[in-house]
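We did not get these values from a lab; they are worked out from the coordinates using the rules stated. Given the structure is predicted, the values throughout are model-derived calculations rather than measurements. So basically every Cβ, Gly included, is an ideal-geometry build from the backbone, and we count neighbours across all protein chains shown.
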Amino acid sequence: MMTGMRAELIGVAGVVERNLYLTRRYIWWELAFFVWTVANTLTIVFIAKGIEASGGTIDVNRVTSSLLIGAVIWAYLGIIFEFLTETVAWERWEGTIEYTFMAPLRRAAHLTGMAAWAVLYGLVRAVLLFAVVALFFDLSMPRADYLTAIVVLLVASVSFAGIGMMTAVLPLISPEKGAQLGFVAQGLLLVVSGVYYPVDVLPTWMQWIAAASPATYALTGIRDAILDGVGLSSLAPELLVLLLIGAVSAPIGMLMFAAGERYAKRHGKLKRSG
Amino acid sequence: MPEPLHVLDPLASRSGTTLAVDVAGLRKVFRRKAPRGAPGPRRRLVAALDGVSFTMARGETVAILGQNGSGKSTLVRLLSTLLLPDGGSAYVFGHDVNRSPRAVRRLVNRVSVEASFFKKMSAVENLSYAARFYGMPPAATRGEIPRILGRVGFPANRRSEPMENLSRGMQQKVALARALLTAPVLLLLDEPTTGLDPRSKLEVQEFIKEIRREHDATILLCTHDLAEAEALADRVGIIDRGRLLRLEPADPLKAHYRAHTLEQAFFAATGRTFADDTEDELETELGAGVDSDPDDERGLFA
């Protein structure tokens, strides 16, 4: 039993190791992508100053900080979804997916490895993005509890990874359109989760979807922790909901992926084409 | 609960051994798009494998000869659990490929015509992560990867170069190393020398001979190359349009068709020569733009 578990853990580490190699090999792409993300985030965060400059009366420091948090979480979520969805698409393109799928590693371990790397990489990028963009503004966040914010993000990541696994199945079912459909799902989730605006400005039906989105609770918790210094114990309701969504979405994601894998093997969709 | 071992061969049962491969009535059907304007339904069912049956003893090397689209790669993919069968059964050392895929995966590895790797990563990096998927820790691969790369004749000074900088022959050596790294007892070689220059081809063939001599591996070799089949295999099979027509040692096979060469035997068995149109027959029949085609083998039948 221990041997089997050890082999699975080595496999999980193998997925992380592979992505580490790839990140190193594509380091210039990584840098270019990071610069693009910084620029993109700046265009959003400057909106607060723009409103003030055009005569609006807002708490610029608070709105700027709130937009920054939203943009960073958006970028983080994008990375989680992209890694999980594109790993299948990318592996099919390289032709390695057949070798990955004929290895004795359990699919749960494989997906856990993918999620672990996505979270690790996403977290590093999120912290760097937050720090670099914050340098452009004279932001004051005296009560910020960054540790609590990171704990909330990590707890939420289980749910994000679960939903990411659900979208990761799409390139298995539709090699040509699957990855793009994953982006659609990601966009729909984020638009209802209050990334740049409070959820209660949304139409009622969208608020219902927001209530089921883990990003809603993650954003609320992280903003409370950074802007108002709310501690972990006070964020227990948000954390509980996130844990609940994670406990449901992660197994469902794995089951959906397993079903997608069976479909792909039934219809011969694993093979690289083109 | 462990699945009971499946033994069909009465000889193997009596001797208390398990067959390495035991395939009975194996079927695989694909749906493919018909060409634009063609009469009939838009999609047709095409049998890639149509009731294939054969067995392999442990340590045996069997070569399967067939044209593009004949079903060779589908057979390899079914045995390596990359496809699910639509009928019949396939067992690898007593494990059902359909019901116990993980048990089969521990025993099998494969080298295909496309040496598929992460092209930006080096040979060592590709082998390292692949080994982890088989539960091999860094302590085990640190020494083993250079050793096995050395054995396949891969130059030590190129181990850290991205795969995209390597020739096809070099890449295929790394593919062989990847397969051997996990010590498979069943090695599935799907056109391992197709597209290689003569020297690389010879080196790969020599290495396959070495595996035969020095390892307890059973080898299923799917190939276009008649000389390769005759030189490497204990038995040679002819597969055509998804049906295994004959499987026996090369000499009896030639004798059966009253042929002097395997080429003549192949012609007698299939009614086609090697100079015939090499295009995948099924694709020619159904047109381009087919659905994901798991038997879209590359290279020419020559």
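Some points to look at:
- 0 to 90° range, to nearest 10: angle between helix A:214-228 axis and chain A longest Cα axis: 40
- For the stretch B:111-223, the direction-averaged projected area of the alpha-carbon convex hull comes to 6.5 nm².
- Across peptide A:103-111, the mean count of Cβ atoms from other chains lying within 10 Å of each residue's own Cβ comes to 4.
- Computed from backbone phi with θ = phi - 60° and the Karplus coefficients 6.51, -1.76 and 1.60, the 3J(HN,Hα) list for the stretch B:224-236 is 9, 8, 5, 5, 4, 4, 5, 6, 9, 9, 6, 9, 10 Hz; x is used for glycine and proline.
- Computed 3J(HN,Hα) for the stretch A:83-99, one whole-Hz value per residue from the Karplus formula 6.51 cos²θ - 1.76 cosθ + 1.60 where θ = phi - 60°, is 4, 5, 6, 7, 5, 5, 4, 5, 5, 5, 4, 6, x, 7, 4, 5, 6, glycine and proline marked x.
- DSSP beta bridges in the protein assembly as shown [antiparallel fraction, %, rounded to 5]: 55
- From the largest down, the protein assembly as shown spans 96, 60, 46 angstrom on the principal axes of its Cα atoms.
- Legend: Rg and Dmax of the stretch B:100-162, from Cα coordinates, 12.7, 41 Å.
- Of A:ALA250, B:PRO184, A:LEU123, farthest towards positive along the dipole that unit charges on Lys, Arg, Asp, Glu beta carbons give the protein assembly as shown: B:PRO184
- Computed over chain A, the Cα gyration tensor eigenvalues convert (square root of 5λ each) into semi-axes of 34, 20, 19 Å, ordered from largest to smallest.
- For the stretch B:54-152, the direction-averaged projected area of the alpha-carbon convex hull comes to 8.2 nm².
- Taking amide H as placed 1.01 Å from N in the peptide plane, the amide H of B:ARG43 sits under 5 Å from that of B:ALA34, each at least 5 places away or on another chain.
- At most 15 other Cβ within 10 Å, DSSP loop - trypsin sites (Lys or Arg not before Pro), the stretch B:63-141: B:ARG99
- Crossing angle, helix A:2-25 versus chain A [Cα axis fit, 0-90 degrees, rounded to tens]: 60
- Entries of B:LYS28/B:LYS254; A:LYS177/A:LYS271; A:LYS177/B:LYS72; B:LYS173/B:LYS209; A:LYS269/B:LYS72; B:LYS120/B:LYS173 with Cα pairs more than 22 Å apart: B:LYS28/B:LYS254; A:LYS177/B:LYS72
- Using θ = phi - 60° and Karplus 6.51 cos²θ - 1.76 cosθ + 1.60, couplings along the stretch B:71-79 (whole Hz; Gly, Pro as x): x, 4, 5, 4, 4, 4, 5, 5, 6
- Residue mean of other protein chain beta carbons inside 10 Å, A:23-32: 1
- Our Cα-only numbers for the stretch A:137-274 put the radius of gyration and Dmax at 17.9, 57 Å.
- Dimensions of the stretch A:97-158 from C-alpha coordinates, computed as largest minus smallest value along each principal axis and given longest first, are 53, 22, 10 Å.
- In the stretch A:1-109, taking the dipole from charged Cβ atoms about the Cα centre, the farthest positive-side position among A:THR3, A:ASN40, A:LEU68 is held by A:THR3.
- Debye-formula intensities of the stretch A:224-274, expressed as log10 I(q)/I(0) at q = 0.25 Å⁻¹, are -0.91 (one equal scatterer per alpha-carbon, no solvent).
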